[in-house]
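Derivation of every value follows stated rules applied to the coordinates shown; laboratory data play no part. As the structure is a prediction and not an experimental result, all values here were calculated from the model. FYI the Cβ positions are ideal-geometry reconstructions off the backbone, even for glycines, and counts take in every protein chain you see.
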Amino acid sequence: MAKDAKKVIDLLNEARARELTAILTYMAQHYELESDDYGKLAKVLKTTAIAEMKHAETLAERILFLGGTPVTKPEAEIKRGQKIAEKIATDIALEEGAVKMYNEAAIACAEALDHVSKALFEKLLADEDAHLDMFISIRDHIHQLGDNYLATLTGE
Ligand SMILES: [Fe+2]
Ligand SMILES: [Fe+2]
């Protein structure tokens, strides 16, 4: 395997481990929010978890195509039992980390002359950017409106 291919596979696997952390985090949050009767917010986390599952799968397909082995372990511990504002802060940190890493990885893939992997990172980046924006707006609403806003996230 060429040195550059190994480097790209490592980047794709680093991204995949991040995706696995996001999937497990958003699923855990979804279940907790559901049981606390924050059904509307739970649904947002469920939809986002499914988007991250697709990312993890896309990354695995590219890793396999390049001759690598997709990782199966998340890169961080999954936090449980956080309050809603803490959950959203966790999510913002995950998305910020992904945005930073995917930006850098796209540049590294271009340097390795792998423009397919570069395009993959750019596609994921656009999704993470939207997720980050969404979580930031939830955080800001909680900050500005507090319980009045949280009350709108309950129910089905
Ligand atoms: Fe993702
Ligand atoms: Fe995301």
P(r) of the range 3-151 in 5 Å steps, Cα pairs, percent per bin?
2, 10, 19, 22, 17, 12, 9, 6, 3, 1, 0
Modelled label-to-label distance, Val99 and His115, 7 Å Cα→beta-carbon offset: nm?
2.7
Pairs Lys6/Lys123; Lys46/Lys123; Lys7/Lys40; Lys6/Lys83: which exceed 30 Å Cα-Cα?
Lys7/Lys40; Lys6/Lys83
Relative contact order in percent for the range 3-151 (Cα pairs under 8 Å, 6+ apart) equals 27
